[in-house]
Structures are given as structure tokens and as C-alpha cells.
Amino acid sequence: MKPDTRKTHDKKLLSLHRECNKLWRMRLETAPLEPPIRRGWKRLYFLTKDAEQREDADILRAILEEINVIRYHWRRNFKPTNSKRRQQLHITDHQLAWRWPTDFGPRKRLKAQWISYFKPAQALWAGYPQRVMEFNQPELFELRVVPNLQTEAKLLEPETESRLAWIEAHLEGSGRYRLDKLTDCSRSYGQNQTRSRLREKIARKRLQAALTGDIEAEERNLLFWLFPSASRFPIRAA
């Protein structure tokens, strides 16, 4: 392919790529539904009547927003079906969520003053017991089953859908790999691979320095491999 033809083709691919992103953002737009549509049922925690009359009711509501757990089911009684009952154990086990001790602070999810409402406990995380914080007064909350209402719906336009389908079909195949190269994006990972290429380059330099016996160069490349940003600054001699 001639250089001028390649340049024109690349511009067309990038233009289609920008248009595809714009159409995808348009598909995310929603419109309110009147009246709402019920989509099964949901079970979650609410404040009890006694808790709503407490002086710290506002704090309890704010905490509940962070530790509440919502379960969805098509049955109102949340009774597991006969098939695959083992996979539905999470429906019967409905507990409040725990939080890490580091979640409390001025710029964290939970305020530092709320730590008095929690107590230390043990929980399994990645197969290992971890120290976590649990709410120390779960009796202030109660489970309720309410309808799961859908109040918004996506706006689907036939012209937008047909145009998006045509662009995606046009970008498949060789056009997709050329577009990945232009946008510096890998299709398998979906993200910029500049950092990975830099690490591979430094690793090759380390191997070459080790084979030639240059220990100082090998140590310098090892530092750059661990801290890529350090390659912008010179290393001072000891």
C-alpha cells in the first residue's frame, strides 16, 4: 500500500473509531419510565422504628448506605429453586457487609467518628483470615422485601444501532489490528502496553549486561526495571 493511501486509510479508521465511541456513549443515555416496571424483588436492610427515633438516626442511615447488602430474586419469598440449590446459598445468607480498618478516615468511605459503631472481627478474604470491622448493633436494622422497580430505560434508535453495527463490522479483521497499532492499544489486554514494552527492553539490557560481566550496568537496569520513573534521573555515584 502506498504511503498516501495508507495515511488516508489510517485517518478513516481513526474517524470511525471516534464515531463508534460517540455512538456507544449515546447508547448509555436513559429515559425515565412512567410508570416504573417491576423486575422481580429485592431484599435489603432498613432502619427499625426504634432506630428512626434515635438522635443519631442520620448517622445510622449514612452507615447503612455503606454496609447494606441487596439481594435480588424473582420470587417474593426468596425461596431457592430445586435445581442448583448449592449455587443459591448466597440468597439465604444475608448479612451486613464488613469494612476494612483502613476505610475510616477524613478522606475515606466512612468517617473516623463512626468507628465507635463498629467492632473488630475476623473474616475470610482470599482464603485467609483477615482483621475487619463489623457493625456492633445489627439489631438496629431489619430485613425487608420490596419490589425491584426499573425507573429508567435505555434509548434505542434503529439508525444508531444499524450504524454502530456497520462500524463494528468494518473495524473487525485487519482493520482492528491496524487500529490497535494506531491507538497504541492491545486487543487482548485493552490497555496501553508502553510500560510493558519498556520493562521488556530493560530486561534485555540486563541480560546483555550480565553476559558481558558489567555488574554496574546490570544493577542500574535492575533499578530501572523496578522503578521505571527513575530512568529519567541520573544515578549518583556512592
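The values are calculated or read from the model by the stated rules, or taken from the named source; none is laboratory data. Computed from a prediction, not measured in an experiment: that's the story for all the values here. FYI the Cβ positions are ideal-geometry reconstructions off the backbone, even for glycines, and counts take in every protein chain you see. Calculation scope for accessible area: heavy atoms of the full protein, side chains included, ligands and nucleic acids excluded. Shrake-Rupley method; radii C 1.70, N 1.55, O 1.52, S 1.80 Å.
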Taking segment 135-152 and keeping only residues that are open to solvent by 70 Å² or more (accessible area, probe 1.4 Å), within 25 Å of Arg99 (Cβ to Cβ) and of a type in the set (A, V, I, L, M), one is left with Leu143
Over segment 40-61, the set of residues open to solvent by 50 Å² or more (accessible area, probe 1.4 Å) and more than 31 Å from the chain's Cα centre (by Cα) is Lys49, Asp50, Glu52, Gln53, Arg54, Glu55
- Mind checking whether some residue in segment 81-93 is within 13 Å of Phe141 (Cα to Cα), open to solvent by 60 Å² or more (accessible area, probe 1.4 Å) and not acidic (Asp, Glu)? no
| said: Take Leu155 and tell me if it is surrounded by 11 or more Cβ atoms within 10 Å (Cβ to Cβ), modelled with pLDDT under 95 and touching a Cys at 6+ places or on another chain (Cβ under 8 Å). | reply: no
Subset of segment 111-134, residues β-branched (Val, Ile, Thr) and either open to solvent by less than 60 Å² (accessible area, probe 1.4 Å) or modelled with pLDDT under 90 (or both), comes to Val132
TODO: Answer yes if at least one residue in segment 20-28 is touching a strand residue (DSSP E or B) at 6+ places or on another chain (Cβ under 8 Å), open to solvent by less than 80 Å² (accessible area, probe 1.4 Å) and not polar (S, T, N, Q), and no otherwise.
DONE: yes
Before we move on, is Leu143 closer than 30 Å to Arg39 by Cα and of a type outside the set (Gly, Ala, Ser)? yes
Residue hits (segment 2-19; more than 33 Å from the chain's Cα centre (by Cα) and either on the phi > 0 side of the Ramachandran plot or surrounded by 10 or more Cβ atoms within 10 Å (Cβ to Cβ) (or both)) are Arg6, Lys7, Thr8, His9
Considering only helices (runs of 4 or more DSSP H) wholly within segment 25-118, the ones with at least 1 residues that are in contact (Cβ under 8 Å) with a residue 40 or more places away in the chain are 49-52, 57-67
request  = Would you check if Ala31 is loosely packed, with under 11 Cβ neighbours inside 10 Å and over 23 Å from the mean Cα position of the chain (by Cα)?
outcome  = yes
